[in-house]
Amino acid sequence: MKIIAYGIRDDEQPYLEQWSKEQGIEVKAVGDLLDDKTVDLAKGYDGAVVYQQKPYTASVLDKLAANGVTNLSLRNVGVDNVDADAVKRNGFKVTNVPAYSPEAIAELTVTQLMRLLRRTPTFDRKQANGDLTWAPDIADELNSMTVGIVATGRIGRAAMKIYQGFGAKVIAYDVFHNPELEKQGIYVDTLDELYAQADVISLHAPATKDNEKMLNDDAFGKMKDGVWILNPARGALIDTDALIRALDSGKVAGAALDVYEDEVGIFNTDFGSFDAIPDERLKNLMKRENVLVTPHIAFYTKTAVKNMVQFALNNNKQLIETGKAENEVKF
Ligand code: NAD
């Protein structure tokens, strides 16, 4: 059995080598992404492991199949950039990695909240200028707050445990009620109830047609004054202009954003200077000491990257050996 792995970064390489050695299976690592130029490298392999933001086009998938490779294992969750017709037409088997480390995302979310509540960005700036005074930057305590979690999936539940560890009261909204959490009486019935009660709103829902820009002027208007907003889920959940208005008015005390509605082509790019970042709205947010922007890094931990690589390789091996895999995605 031989597997080709596309788009392998330096930080993924050791985990790939470890798996290959342990399994005794040849894995060819290619730094380039899978596209029309690189697809012929797959000739002679039994499966391909991939991860990329750019599309898996019909043209690429047709060529991959013509090269004899129809076992395709993604190292990430989302499959929306895979051409579904080409998958069906060529009889591809596709797998994803539905969970690689929910804790990675939850830990960054709470870390950023604590930085906001304890005003560490302000103290960092003051101290760098030799100012070691306290006032007026008095902090808030999480243990006396109510945290409203939107979506109690894997990440929402991991975040919930940490909030509860800090002593916060947790309430949650989800279209599906987890039976264990239901017993704890954590759920509210509507988002409006969550908005009315929460001091902190922690978003952990996928982006769907129904919840696009769910945090808009109307939603902010229903929240407590001085609410804290955390979004490590998807940029599309927040109307950025409405958030800026809510920050300007003080309705929102601060926000931590690991995602941004226009992040594609901007996040994970080095522009060389702050001024060169080609997005004025994003810079407006980034300039604020009560807004913490991170470029979609919540998933980027050693544990998560190892799991993305090794779970995808396990999936691909299963497909090659049995024609089936636990994490097969139906198109
Ligand atoms: P999951 O599939 O385990 O859980 C999703 C939950 O959302 C489910 O409980 C579902 O019922 C609920 N849900 C769906 N639509 C909803 C809606 N309209 N309103 C309320 N709840 C709704 O997913 P997960 O692993 O917990 O991931 C959650 C999201 O986090 C992902 O969809 C993704 O957008 C984001 N994410 C971000 C990063 C990052 O690096 N920042 C990494 C991975 C995932």
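The conditions of being at pLDDT 95 or above, within 16 Å of the ligand (Cβ to nearest atom) and in contact with a strand residue (DSSP E or B) (Cβ under 6 Å, 6 or more places away or on another chain) are not met by Ala106.
Residues that are of a type outside the set (Val, Ile, Thr): list the strands (runs of 3 or more DSSP E) wholly contained in segment 1-69 that include at least 3 such residues.
Answer list for segment 1-69: 26-29.
Candidates are the residues of segment 226-243 that are within 18 Å of Ile171 (Cβ to Cβ) and open to solvent by 10 Å² or more (accessible area, probe 1.4 Å); the one that is nearest to the chain's Cα centre (by Cα) is Ala233. Among the criteria (1) open to solvent by less than 90 Å² (accessible area, probe 1.4 Å); (2) over 19 Å from the mean Cα position of the chain (by Cα); (3) of a type outside the set (Phe, Trp, Tyr); (4) within 13 Å of the ligand (Cβ to nearest atom), the one Val175 does not fulfil is (1). Residues that are among the aliphatic types (A, V, I, L, M), open to solvent by 20 Å² or more (accessible area, probe 1.4 Å) and touching a strand residue (DSSP E or B) at 6+ places or on another chain (Cβ under 7 Å) within segment 257-305 comprise Met286, Val293, listed in sequence order.
You will find that of Lys88, Lys54, Lys43, the residue that is charged (D, E, K, R), open to solvent by 60 Å² or more (accessible area, probe 1.4 Å) and touching a residue at least 60 places away in the same chain (Cβ under 8 Å) is Lys88 and no other.
When segment 288-331 is filtered for residues that are among the aliphatic types (A, V, I, L, M) and assigned to a helix (DSSP H, G or I), the ones remaining, listed by number, are Ala304, Val305, Met308, Val309, Ala312, Leu313, Leu319, Ile320. Open to solvent by less than 60 Å² (accessible area, probe 1.4 Å), under 20 Å from the mean Cα position of the chain (by Cα), more than 11 Å from the ligand (Cβ to nearest atom) and under 21 Å from Pro206 (Cα atoms): is that true of Ile162 in this structure? Yes: the conditions hold for Ile162.
Consider Ser101 carefully, then state whether it is under 30 Å from Val227 (Cα atoms) and buried (at least 17 other Cβ atoms within 10 Å of the Cβ). Answer is yes for this residue. Return yes when Thr122 is part of a helix (DSSP H, G or I), in contact (Cβ under 8 Å) with a residue 12 or more places away in the chain, more than 14 Å from the ligand (Cβ to nearest atom) and not small (Gly, Ala, Ser) and no when it is not. Against the criterion (part of a helix (DSSP H, G or I), in contact (Cβ under 8 Å) with a residue 12 or more places away in the chain, more than 14 Å from the ligand (Cβ to nearest atom) and not small (Gly, Ala, Ser)), Thr122 qualifies. Scanning segment 267-287 for residues that are assigned to a strand (DSSP E or B) and either more than 16 Å from the ligand (Cβ to nearest atom) or under 30 Å from Gly221 (Cβ atoms) (or both) turns up nothing.
Within the set Ile186, Ile138, the sole residue that is open to solvent by 30 Å² or more (accessible area, probe 1.4 Å), more than 10 Å from the ligand (Cβ to nearest atom) and at pLDDT 95 or above turns out to be Ile138. The single residue among Lys213, Lys222, Lys209 that is within 16 Å of the ligand (Cβ to nearest atom) and without any contact (Cβ under 8 Å) to a residue 12 or more places away in the chain turns out to be Lys209.
The values are calculated or read from the model by the stated rules, or taken from the named source; none is laboratory data. On a predicted model such as this, the values are computed, not experimentally measured, just so you know. Cβ: placed from backbone, ideal geometry, glycine included. Neighbour counts: every protein chain shown. What goes into the accessible areas is simple: the full protein's heavy atoms, side chains included, and nothing from ligands, DNA or RNA. Shrake-Rupley method; radii C 1.70, N 1.55, O 1.52, S 1.80 Å.
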